[in-house]
Amino acid sequence: MCLAIPMRLVEKDGWEGTVELNGVRRSVSLMLLEDAGVGDHVLIHAGYAIGKVDEEEARLTLEGLERIAASLESGGG
Amino acid sequence: MRASDRILLGHGAGGRLTRALVKDLFVPLFSNPALEALSDAAVLPAWPGGRPALTTDAFVVDPLEFPGGDLGRLAVCGTVNDLCVSGARPLWLTFALVLEEGAEMGLLRRCAESAAEAARDAGVQIVAGDTKVVPKGRGDKIYAVTAGLGSVPEGRDWGDHRVAEGDALLVTGPVGDHGATIMACRHGMAGEGLRSDVAPLNGLVEALAASGAQVHALHDPTRGGVLVTCHEVAERAGVRIVLDEEALPVRGEVRAVCDLLGLHPLSSPCEGRALVFVEAGDAERALKALRSHPFGTGAARVGRVEAGRKGASPVAVRTVSGEERPLDLLSGAELPRIC
Amino acid sequence: MMEEAGYRDPRAVAALLRAAKAEAASLHRPLVLMEVCGTHTHAIAEAGLRGKLAPEIRLVSGPGCPVCVTPVGYLDRAEALARQRNAVLCTFGDLFRVPSSTGSLERLKAEGGDVRIVYSPRDALRVASENPGREVVFLAVGFETTAPTIAAALVEAEGAGLSNFMILPGNKTVPMPLRVLAGDPALRLDGFLLPGHVSVVTGSEAFSFLASDYGIPSAVVGFAPTDVLAGVADLAAQRRGGRAGVSNLYGRAVTPQGNAVARAAMDRVFRPESSDWRGLGPIPESGLLLRESLAHRDASRLEVDVPVPEEPAGCLCGEVLKGAVEPPACPLFGTACTPDLPVGACMVSSEGTCAAYYRHERWRLAGGAA
């Protein structure tokens, strides 16, 4: 229902922010995400940052997937 | 008469202003004997042999200037590329402009200069041209129309009639750069690596031909990108085209722009790439030739041609997991979306 | 988290697929799950998951495409604003080709209407400041993900005194229609795959009523194939264990409480009101209208003549949006209604259920290869 893309916040000036993904930059509004800091990964929807990406959670999910993938191999496919 | 920094209706009226535009701007830039005669038609040197190939194209682009090129470069490369993917060696171009009253003279000069530069890069001559001016509000600064005449060498027969089951599909570099760059400009995005790929392909194509690889067909995936081109070939040749998702070169910047706007890199136009259908056994030789040319360093083998099958999608992509997924044609231009 | 590849790992996909099917098989009946979100519908179709999960699991699509659930009358009113008041319409690209009673925004533009496609409500603010003499109307559609961005733009317009910026309110919220679907005995849903990006704003706890009031398990999931499959496996396991709760499997983006700042922005600007959903009819407290203090920005109050809306005859969009029928059951699907000439909204939006079926699944349904 809604596209939202994780991008890294690289500049912040009040409610104005610049986000980057793969070397592409765009200015976004931070009005809806007051506590975002430079370096955070934020979810961008329609020109606004609407949420933060939790890197620890992301790491855990990826590790979980790696374990699941490995179980397939050890389980003989 | 003092030079105006704006296009005036008089620049298209055929009087002094028009003559000044032609003599001071276009003739010195495009300089060649056929043009310099300034007669009603360019009388060309003797035909070099082979079958003539003729094409024309109209160019509108917003913005007119973008990272990697502008309307002038696009107008020359587009026609050069249409000729050379048909197997022709491009020789002569015409160059017509529809200008909007009030457009900046500097913009026109820059576009004309890059058209001249692109023609030099491609080794073609712009031998005839025209300018018309429409009242302000009736156009969008500059529209360009080019036509091109080239010669297909004896014995060269490229086209979709030769595309057959088993062929390998190559692309001469990363896809979608031009379209993603234009969309990025329109939607406030920028990135150092984000540039249009607009370039004349005739040198690259001749290098490919010289490699001796059995080339069956070439296409430049402009409007609608790789996706539309593959659908057109599949339909005309009665074959099925299966792309390899992992092998498709897409720059990270292009992917980012597409992700943000909800677009697909395979539908994003290229202006300096070719899709090459080649005898499978010659794929490596063809790739080597492409990669040795500056415009083909990113060439890759991206798919294969299968026999057409009723009840199967004409174009599909093989995913990382080895499955095939249908790739449907889009209904119209892709629009930025939020869903 | 940008390692997309990890979320698409074919080995993890295969393992999760097997786990989900095994969990469901032990129930000895097909498990019926609804993916609420159109982006999920699209992702599921693209990865071909519907076919791979059958027969143990049946995925049905819900009303999660904002464009698809927007009634025809909304577009008719937008067109009337452009035609009768010369208003500038700013819209997300999603709405541009959706059929109205008499045409579409695309056709309106071709006929001279001033329609601008924008990526962000902020772009519409810019259009308003560049056209001070004209009413600039932003077509406000979308769920909880999008509504706060529109609220923020309205707040900005108020602050800047940009008096010609208005919206045509059409935003909707997800929980109430889920109540309708959860309580519909004919649908017999075993679980919900909840919309990941709506939940970024609402928080996963906003959906706890599904378990407490209806005893139906749900899972908030992301948009990669492994995200969706992990959700399916979780719902199957909840069913098998006789449990019902909200599992948050999209923890990298979603918290239990969601984005309170975004919700506060919504509250400041909008009030909940009954809203018409194509297919589901009017649902209480499922739409967002402007608060009285912002009446001057409400384009639905502007005087225009709007024709009586005509829903396209024979179109089963409504039933499709409830998950009651699959698109190929519609007599128009793939014949009179295609993405090139769509009859219903579900065929035109890229995340509409019919469009997703048409693009990705019609070959499978025809029994052919990919």
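The values are calculated or read from the model by the stated rules, or taken from the named source; none is laboratory data. Small disclaimer: the values here were computed from a predicted structure and weren't measured. We place every Cβ from the backbone using ideal geometry, glycine too, and count neighbours over all the protein chains shown.
General remarks:
- Qualifying residue in the range A:37-47 (condition: more than 8 Å from chain C (Cβ to nearest Cβ), farther than 20 Å from C:Glu4 by Cβ and surrounded by 13 or more Cβ atoms within 10 Å (Cβ to Cβ)): no
- Test: residue in the range C:245-253 that is farther than 23 Å from C:Ala182 by Cα and in contact (Cβ under 8 Å) with a residue 24 or more places away in the chain: yes
- Taken together, the residues in the range B:234-250 that are in contact with a Leu (Cβ under 8 Å, 6 or more places away or on another chain) and surrounded by 19 or more Cβ atoms within 10 Å (Cβ to Cβ) amount to 2.
- Of the residues making up the range C:254-285, those that are part of a loop (DSSP other than H, G, I, E, B) and within 14 Å of another protein chain (Cβ to nearest Cβ) are C:Val254, C:Thr255, C:Pro256, C:Gln257, C:Gly258, C:Asn259.
- If you go through the range C:143-167 and keep only what is within 14 Å of chain A (Cβ to nearest Cβ), in contact with a strand residue (DSSP E or B) (Cβ under 9 Å, 6 or more places away or on another chain) and either more than 27 Å from C:Pro132 (Cβ to Cβ) or hydrophobic (A, V, I, L, M, F, W, C) (or both), you end up with C:Phe143, C:Glu144, C:Thr145, C:Ala147, C:Ile150, C:Ala151, C:Ala152, C:Ala153, C:Leu154, C:Ala157, C:Ile167.
- Some residue of the range C:333-344 being more than 14 Å from chain B (Cβ to nearest Cβ), part of a loop (DSSP other than H, G, I, E, B) and over 30 Å from B:Ala312 (Cα atoms): no
- Checking A:Leu9 against (1) within 8 Å of chain C (Cβ to nearest Cβ); (2) touching an Asp or Glu at 6+ places or on another chain (Cβ under 9 Å), the condition it does not meet: (1)
- When C:Gly170, C:Gly251, C:Gly191, C:Gly203 are screened for being of a type outside the set (Asp, Glu) and facing chain A (nearest Cβ under 9 Å), only C:Gly251 passes.
- Residue list for the range B:315-334, filter: part of a loop (DSSP other than H, G, I, E, B), under 27 Å from A:Cys2 (Cβ atoms) and without any contact (Cβ under 8 Å) to a residue 12 or more places away in the chain: B:Ser321, B:Glu323, B:Ser331, B:Gly332, B:Ala333
- Taken as a whole, the range B:68-88 holds no residue that is over 15 Å from the mean Cα position of the chain (by Cα) and not aromatic (Phe, Trp, Tyr).
- For the range C:107-119, the set of residues classified as out of contact with any helix residue (DSSP H, G or I) (no Cβ under 7 Å at 6 or more places or on another chain) and either farther than 14 Å from C:Ala80 by Cα or not in a helix (DSSP H, G or I) (or both) consists of C:Ala110, C:Glu111, C:Gly112, listed by residue number.
- Complete set of residues in the range C:206-236 that are more than 11 Å from chain A (Cβ to nearest Cβ), within 28 Å of B:Val320 (Cα to Cα) and not β-branched (Val, Ile, Thr): C:Ala219, C:Gly231, C:Asp234, C:Leu235, C:Ala236
- C:Leu235 satisfies every condition listed in (1) under 21 Å from C:Ala43 (Cα atoms); (2) part of a strand (DSSP E or B) except (2).
- C:Tyr358 meets the conditions (1) out of contact with any helix residue (DSSP H, G or I) (no Cβ under 6 Å at 6 or more places or on another chain); (2) surrounded by fewer than 22 Cβ atoms within 10 Å (Cβ to Cβ); (3) in a helix (DSSP H, G or I); (4) within 14 Å of chain B (Cβ to nearest Cβ) in every case but one. The failed one is (2).
- Among the conditions (1) among the hydrophobic types (A, V, I, L, M, F, W, C); (2) within 14 Å of chain A (Cβ to nearest Cβ); (3) over 27 Å from B:Glu235 (Cα atoms), B:Cys111 misses just one, which is (2).
- From C:Glu319, C:Glu303, C:Glu311, residue being surrounded by fewer than 21 Cβ atoms within 10 Å (Cβ to Cβ), among the charged types (D, E, K, R) and in a helix (DSSP H, G or I): C:Glu319
- Checking B:Pro63, B:Pro90 one by one, the residue that is outside any helix (DSSP H, G or I) and over 23 Å from B:Ala184 (Cβ atoms) is B:Pro90 and no other.
- Check on B:Ala312, at negative phi, out of contact with any His (no Cβ under 8 Å at 6 or more places or on another chain), more than 8 Å from chain C (Cβ to nearest Cβ) and assigned to a loop (DSSP other than H, G, I, E, B): no
- Taking the conditions (1) modelled with pLDDT of 95 or more; (2) part of a loop (DSSP other than H, G, I, E, B); (3) not aromatic (Phe, Trp, Tyr) in turn, C:Ala128 satisfies each one other than (2).
Residue-wise test of (1) in contact (Cβ under 8 Å) with a residue 60 or more places away in the chain; (2) out of contact with any Gly (no Cβ under 7 Å at 6 or more places or on another chain); (3) surrounded by fewer than 18 Cβ atoms within 10 Å (Cβ to Cβ).
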position	(1), (2), (3)
B:Gly272	yes, yes, no
B:Ala280	yes, no, yes
B:Leu287	yes, yes, no
B:Phe295	yes, no, no
B:Gly311	no, no, yes
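- Within the range B:185-221, tally of residues that are buried (at least 22 other Cβ atoms within 10 Å of the Cβ) and among the hydroxyl-bearing types (Ser, Thr, Tyr): 1
- Given (1) assigned to a helix (DSSP H, G or I); (2) over 15 Å from B:Gly148 (Cβ atoms), number of the condition B:Leu99 does not satisfy: (1)
- Matching helices (runs of 4 or more DSSP H) fully within the range B:1-59 where at least 3 residues are surrounded by 15 or more Cβ atoms within 10 Å (Cβ to Cβ): B:16-20, B:27-30
- Test: C:Ala182 is at pLDDT below 95, of a type in the set (A, V, I, L, M) and more than 15 Å from C:Ala299 (Cα to Cα): no
- Candidate set from the range A:21-35 (those that are under 25 Å from B:Gly193 (Cβ atoms) and within 11 Å of chain C (Cβ to nearest Cβ)); member that is surrounded by the fewest Cβ atoms within 10 Å (Cβ to Cβ): A:Ser27
- Scanning the range C:128-142 for residues that are crowded, with 20+ Cβ neighbours inside 10 Å and farther than 20 Å from C:Lys172 by Cβ yields C:Ala128, C:Val136.
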